[in-house]
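Notes to accompany the following structure.
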């Protein structure tokens with residue numbers, strides 16, 4: 001060391017001797033570490049028994065024991081801090097790194113590690129700017145968790161039966177809500193009275209929101225189908241309870257749709273982000289909650305009126321259509337007109353035809369009757385009689401002629417009888433014919449014939465000339481004519497039999 | 001649509017109102033056969049009465065929660081906002 005020691009004993013350089021020994025005139029024993037630590041602790045605690053430090057939080061850590069460990073720093077220095085469980089639990093905000101706070105407490109030492117630290121009794125956020133910074137941090141964290149996800153938002157009931165209101169039982173807020181509800185649609189409202197500011201407010205609000213959610217349907221206490229969380233306007237600090245994570249989570253987890261109406265329109269709390277609907281003011285929340293009864297009444301009346309008007313419409317339409325068709329139907333008399341006309345015409349023609357026919361017939365009759373006049377008939381009859389008379393028909397005329405004719409007939413009859421070629425047969429002559437019936441006039445001819453037919457007065461006889469008889473025929477066959485005749489008569493008899 | 005729902009009393013006000021609107025629109029359209037329109041009209045009337053009943057039942061009733069020791073709502077009491 002370049003600097004000379006403070007307590008230098010002349011000529012005794014063994015101060016840096018190997019073994020420590022007590023010096024002369026020095027009765028101070030060396031301090032133990034515990035002693036110095038205790039001494040330091042006393043000094044520090046006496047001197048810094050109550051300090052307020054302003055600094056930025058960093059390294060915030062909440063131990064399982066409930067104690068909160070952190071460091072407070074500025075741009076050059078850092079001091080560790082601890083907040084025991086009791087104090088940490090009462091913090092109105094969730095300490096986060098980077099938040100500028102004002103911490104109140106005492107500085108103490110931790111001998112075990114040669115450290116000093118501040119034991120924080122209370123911690124506040126250092127100004128509104130820092131508060132807003134914390135708010136933003138919390139918002140981002142919860143947003144990242146999905147608590148403000150638009151998909152989580154539930155539709156509000158159109159006309160809630162029961163409305164739960166979480167707010168202070170006193171003050172303008174509840175009155176505004178109730179008035180506006182009464183104006184629009186008188187409803188069943190259940191108020192859950194809570195503190196809306198200060199210590200315990202956040203917890204009460206969160207419990208109320210959860211409490212409404214826990215009401216069973218059909219229980220003693222009717223379950224609201226809509227909850228309004230409301231608070232009047234105030235500073236960021238006043239509204240702080242509604243930025244509390246506990247409240248935000250309770251709202252996000254609510255099983256009943258929630259309208260958040262905290263502060264004025266310009267104030268936005270995390271509770272607004274988590275709610276299903278944000279109303280700028282408590283009055284607006286009431287307006288969002290229920291429709292206007294009179295408007296609904298008007299709508300229903302209008303529908304009823306329109307419906308009534310429509311009711312007769314199909315009938316009217318039907319009647320119109322029926323009438324339109326009925327109008328197009330032909331009149332019954334016109335259906336028969338053509339036929340009637342035709343009938344009339346036919347009847348007329350029939351009458352006229354009959355008359356015409358009679359006239360025609362009469363004309364023909366008269367034309368003929370001209371020829372049938374009496375004098376004409378008589379004239380014809382007279383001339384006929386005259387001609388009859390002129391004929392002079394007397395019996396002697398035919399008789400004379402008859403006698404003459406008879407004489408001539410008798411003479412001719414006698415001559416005829418004498419000329420009969422077969423008459424001589426009576427007297428023994430015969431006629432000779434050949435097989436074909438031709439008359440055989442000479443022997444020469446006769447000799448050439450194989451068979452001759454000799455006709456006697458009483459019949460014919462078949463004869464074979466001598467020249468052909470040489471090879472004598474066993475017996476003269478019957479003349480074929482006779483044979484044929486017989487066959488013919490036999491067949492005739494058969495035919496007779498057929499018919500007989 | 002709540003068209004097929006026979007028990008109108010179970011329909012919410014909003015659905016009933018919408019169904020009524022639907023009925024009126026159909027009737028006004030004139031497309032519905034006469035017979036059907038009579039049924040439709042009757043249904044519309046029921047829906048209207050249902051809606052009307054809900055409106056007529058509207059009355060302010062203000063209560064406040066009385067929580068039990070467990071913090072759960074135990075009962076309600078009349079609430080006077082003026083206090």
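Has segment A:287-308 got any residue that is within 30 Å of residue A:171 (Cβ to Cβ), away from chain B (no Cβ under 14 Å), touching a strand residue (DSSP E or B) at 6+ places or on another chain (Cβ under 7 Å) and in contact (Cβ under 8 Å) with a residue 12 or more places away in the chain?
Yes, the conditions are met somewhere in segment A:287-308.
Condition check: part of a loop (DSSP other than H, G, I, E, B) and either touching a strand residue (DSSP E or B) at 6+ places or on another chain (Cβ under 8 Å) or modelled with pLDDT under 85 (or both). Does residue A:446 satisfy that?
So residue A:446 fails the test.
Which residues, counting only those in segment B:48-83, are within 7 Å of chain A (Cβ to nearest Cβ), closer than 17 Å to residue A:161 by Cα and without any contact (Cβ under 8 Å) to a residue 24 or more places away in the chain?
Listed by number, the residues that qualify are B:52, B:55, B:58, B:59, B:60, B:61, B:62, B:63, B:64, B:65, B:76.
Of these, A:304, A:284, A:298, A:311, which one is within 30 Å of residue A:182 (Cα to Cα) and touching a helix residue (DSSP H, G or I) at 6+ places or on another chain (Cβ under 7 Å)?
After ruling out the rest, the residue left standing is A:304.
Which of the following residues is at pLDDT 90 or above and loosely packed, with under 10 Cβ neighbours inside 10 Å: A:20, A:71, A:77, A:63?
Every option except A:77 fails the conditions.
What number of residues within segment B:15-47 are within 7 Å of chain A (Cβ to nearest Cβ) and surrounded by fewer than 16 Cβ atoms within 10 Å (Cβ to Cβ)?
So the count comes out to 3.
In the list A:191, A:229, which residue meets the criterion of being at pLDDT 90 or above, touching a helix residue (DSSP H, G or I) at 6+ places or on another chain (Cβ under 7 Å), closer than 21 Å to residue A:280 by Cα and at the interface with chain B (Cβ under 8 Å from one of its Cβ atoms)?
Numbers: A:229 fails: at the interface with chain B (Cβ under 8 Å from one of its Cβ atoms).
Matching residue, one of A:191, A:229: A:191.
Can you pull out every residue in segment B:29-70 that is assigned to a loop (DSSP other than H, G, I, E, B) and over 27 Å from residue A:316 (Cβ atoms)?
Within segment B:29-70, B:57, B:58, B:59, B:60, B:68, B:69, B:70 qualify.
So in segment A:156-171, with the set limited to residues that are more than 10 Å from every other protein chain (Cβ to nearest Cβ) and either without any contact (Cβ under 8 Å) to a residue 24 or more places away in the chain or farther than 18 Å from residue A:222 by Cβ (or both), which one is nearest to the chain's Cα centre (by Cα)?
If we take residues in segment A:156-171 being more than 10 Å from every other protein chain (Cβ to nearest Cβ) and either without any contact (Cβ under 8 Å) to a residue 24 or more places away in the chain or farther than 18 Å from residue A:222 by Cβ (or both), then A:167 is nearest to the chain's Cα centre (by Cα).
Please work out if residue A:415 is in contact (Cβ under 8 Å) with a residue 12 or more places away in the chain and under 30 Å from residue A:454 (Cβ atoms).
Taking the combined requirement at face value, the residue does not satisfy it.
Among the residues of segment A:368-398, how many are surrounded by 10 or more Cβ atoms within 10 Å (Cβ to Cβ) and either touching a strand residue (DSSP E or B) at 6+ places or on another chain (Cβ under 6 Å) or assigned to a helix (DSSP H, G or I) (or both)?
The qualifying residues number 15.
Is it true that residue A:231 is over 48 Å from the mean Cα position of the chain (by Cα) and closer than 23 Å to residue B:62 by Cβ?
Working: over 48 Å from the mean Cα position of the chain (by Cα): yes; closer than 23 Å to residue B:62 by Cβ: yes.
The answer is yes for residue A:231.
Which of the residues that make up segment A:254-267 are touching a helix residue (DSSP H, G or I) at 6+ places or on another chain (Cβ under 9 Å), surrounded by fewer than 24 Cβ atoms within 10 Å (Cβ to Cβ) and over 19 Å from residue A:225 (Cβ atoms)?
A:265, A:267
Looking at segment A:207-220 only, could you name the residues that are more than 9 Å from chain B (Cβ to nearest Cβ) and buried (at least 18 other Cβ atoms within 10 Å of the Cβ)?
A:209, A:213
Which of the numbered conditions does residue A:204 fail, given that it passes all the others? Conditions: (1) at the interface with chain B (Cβ under 10 Å from one of its Cβ atoms); (2) at pLDDT 90 or above; (3) under 18 Å from residue B:58 (Cβ atoms).
Of (1) at the interface with chain B (Cβ under 10 Å from one of its Cβ atoms); (2) at pLDDT 90 or above; (3) under 18 Å from residue B:58 (Cβ atoms), only one is false for residue A:204: (3).
Residue A:212 is checked against (1) on the phi > 0 side of the Ramachandran plot; (2) in a helix (DSSP H, G or I) and fails just one. What number does that condition carry?
Of everything listed in (1) on the phi > 0 side of the Ramachandran plot; (2) in a helix (DSSP H, G or I), residue A:212 misses just condition (1).
Only one residue in A:177, A:258 is within 27 Å of residue A:150 (Cα to Cα) and within 14 Å of chain B (Cβ to nearest Cβ), so which one is that? Break it down stepwise before answering.
On the way: A:258 fails: within 14 Å of chain B (Cβ to nearest Cβ).
Result of the check over A:177, A:258: A:177.
The values are calculated or read from the model by the stated rules, or taken from the named source; none is laboratory data. Treat the numbers as computed from the prediction; the structure is a model and nothing was measured. Glycine gets a Cβ as well: all are built from the backbone with ideal geometry, and neighbour counts include every protein chain shown.
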